[in-house]
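Q: Got a structure for you, questions after.
Read-outs throughout are calculated quantities, based only on the coordinates presented, and are distinct from any laboratory measurement. Note that this is a predicted model, so its numbers are computed, not measured. Cβ atoms come from the backbone with ideal geometry, glycine included; neighbour counts cover every protein chain shown.
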Amino acid sequence: MTDLAFPTDFLWGAATAAHQIEGNNVNSDWWEREHRPGGAIQEPSGDAADSLHRYPEDIRLMSELGLTSYRFSIEWARIEPAKGRFSRAAALHYRRMIDLCRQHGLEPVVTLHHFTNPQWVAAEGGWRNPAVVEYFQRYVEYLLPTLDGVTWVCTINEPNMLAMAHDSQGATLDASSQPDPDPVVTENVIAAHHKARALLHRVPGIRVGWSIAGQAYHAVPGHEEAMAAYRYPREDVFLEAARDDDYIGVQAYLRTFIDDNGPVPVPEDAATTQMGWEYFPPALENATRHAWKLTDGTPVLVTENGIATADDSRRIDYTYDALSGLHKAMEDGICVQGYLHWSALDNYEWGSFAPTFGLIAWDPVTFERTPKPGAFWLGEVARTGRLLRPTVGAARSSLA
Ligand code: BGC
């Protein structure tokens, strides 16, 4: 079989989020939640991967691997740690990241909100408070000079998960947990996105979108209507809100079967990942086709896809199969402009460091980085623009 070819201008990269890798995000609501006495969080984020200080090394490594894009997020809690008090130093920090990406040939994809809020936002009711729409505008407006010259901006990561994880006491951000979405949060995030998009369009050449968690919902036969009704407030309403965006960010990991009672538990004999999610690489093709349909043909950027595993031959197999499916969707005429793997680094998986999604591992004491076989493999795919299926050993030695 010949290797599948991707367009020459296709973006090949990896993604992270500030709270999950930077460390010591002390003014964020998640930090507060991690340290709440008697709280349900397994372990705090602490220093995380110390990328706040080590981002130059992370960026250099990704570039050396052969990747051409890096998606990272700007942390609102650092930019505006107290209401109305903006940090120029924090904004300059993120500007240096943008410039360094460019110097290393990595196209920056900048997310403005990835799950965490400043504590003062949470104290006022978080995304349930209609005033947050205006607060978010003010934050985005403050960032406009920082974003000068940036092409790809994602306003809000997985607003659908935000709407489902509205209960800051207990709700998790695990893609397989699906509480009822809060309609007020839904309304507020959509309004915030549309207003942010209008503001951001003042930056010449910018492309604005948001990224939606695609669950690859499947109906148990005979339960198609129940599945569609279940999916609408969890996914479709957010995709429809992206119809006038410049691109739609697709994020997919797993599939979920729905019957009249809601999600059906993963069968005990199904292959699963470290997250307990079903191992299901076609999720990406499925979510891409669905996003394309619901957004009336808005160009797709895969902003996240990956697997929590300790075994990189599995990571490579999963990614290979996910990308083969993506390629099929592209052959059918769906415009896909890039693939950003989750994640660049092992990171803080919203409560625990145990699941390892990273292409790059790090030492918890020295923070020394070590790219894994999957990183070398994806780097080679990026360099050649072809979907190669090497053995893990071959991927490592050919780039040693
Ligand atoms: C989120 C990431 C998370 C990943 C794996 C996505 O829902 O954007 O922050 O780490 O999935 O669970």
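Q: Kindly establish whether Ile334 is within 16 Å of the ligand (Cβ to nearest atom) and either buried (at least 17 other Cβ atoms within 10 Å of the Cβ) or touching a residue at least 40 places away in the same chain (Cβ under 8 Å) (or both). Steps first, answer last, please.
A: Working: within 16 Å of the ligand (Cβ to nearest atom): no; either buried (at least 17 other Cβ atoms within 10 Å of the Cβ) or touching a residue at least 40 places away in the same chain (Cβ under 8 Å) (or both): yes.
It is false that Ile334 is within 16 Å of the ligand (Cβ to nearest atom) and either buried (at least 17 other Cβ atoms within 10 Å of the Cβ) or touching a residue at least 40 places away in the same chain (Cβ under 8 Å) (or both).
Q: Also: Within segment 292-331, track down each residue that is of a type in the set (Val, Ile, Thr) and either touching a strand residue (DSSP E or B) at 6+ places or on another chain (Cβ under 8 Å) or within 16 Å of the ligand (Cβ to nearest atom) (or both). Give the steps one after another, and end with the answer.
A: The initial filter retains those residues of segment 292-331 that are of a type in the set (Val, Ile, Thr), namely 295, 298, 300, 302-303, 307, 309, 316, 319.
Thr295, Thr298, Val300, Val302, Thr303, Ile307, Thr309, Thr319, listed by residue number.
Conditions (1) within 15 Å of the ligand (Cβ to nearest atom); (2) surrounded by fewer than 22 Cβ atoms within 10 Å (Cβ to Cβ); (3) among the polar types (S, T, N, Q); (4) closer than 11 Å to Glu75 by Cβ, marked per residue:
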| residue | (1), (2), (3), (4) |
| --- | --- |
| Ala17 | yes, no, no, yes |
| Asn27 | no, yes, yes, yes |
| Arg36 | no, yes, no, no |
| Pro44 | no, yes, no, no |
| Ala48 | yes, no, no, no |
| Leu52 | no, yes, no, yes |
| Pro56 | no, yes, no, no |
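Q: Something else now. Give the residue that is surrounded by the fewest Cβ atoms within 10 Å (Cβ to Cβ), with candidates limited to residues of segment 337-365 that are without any contact (Cβ under 8 Å) to a residue 24 or more places away in the chain and in contact with a Ser or Thr (Cβ under 7 Å, 6 or more places away or on another chain). Please lay out each step first, then the result.
A: Looking only at segment 337-365, we keep the residues that are without any contact (Cβ under 8 Å) to a residue 24 or more places away in the chain, and these are 358, 361, 363-365.
Pick out the ones that are also in contact with a Ser or Thr (Cβ under 7 Å, 6 or more places away or on another chain) and you get 358, 361.
Details: Gly358: 27, Ala361: 18.
Only one residue fits best here, namely Ala361.
Q: Quick check on this structure: which one of Glu235, Glu225 is out of contact with any Ser or Thr (no Cβ under 6 Å at 6 or more places or on another chain), among the charged types (D, E, K, R), part of a helix (DSSP H, G or I) and within 15 Å of the ligand (Cβ to nearest atom)? Explain how you work it out, then say what you get.
A: Values: Glu225 fails: within 15 Å of the ligand (Cβ to nearest atom).
Of Glu235, Glu225, the one residue that is out of contact with any Ser or Thr (no Cβ under 6 Å at 6 or more places or on another chain), among the charged types (D, E, K, R), part of a helix (DSSP H, G or I) and within 15 Å of the ligand (Cβ to nearest atom) is Glu235.
Q: Limited to segment 241-267, what total is found for residues that are without any contact (Cβ under 8 Å) to a residue 60 or more places away in the chain, closer than 25 Å to Val189 by Cα and in a loop (DSSP other than H, G, I, E, B)?
A: Selection size over segment 241-267: 7.
Q: Sticking with this structure for a sec: Output the residue which, of all residues in segment 122-148 that are in a helix (DSSP H, G or I) and of a type in the set (D, E, K, R), is farthest from Arg96 (Cα to Cα). If you could, list the steps in order and put the result at the bottom.
A: At the first step, the residues of segment 122-148 found to be in a helix (DSSP H, G or I) are 122-123, 126-128, 131-143.
Remaining after also requiring of a type in the set (D, E, K, R): 128, 134, 138, 141.
Values: Arg128: 33, Glu134: 27, Arg138: 22, Glu141: 19 Å.
Ranking the qualifying residues of segment 122-148, first place goes to Arg128.
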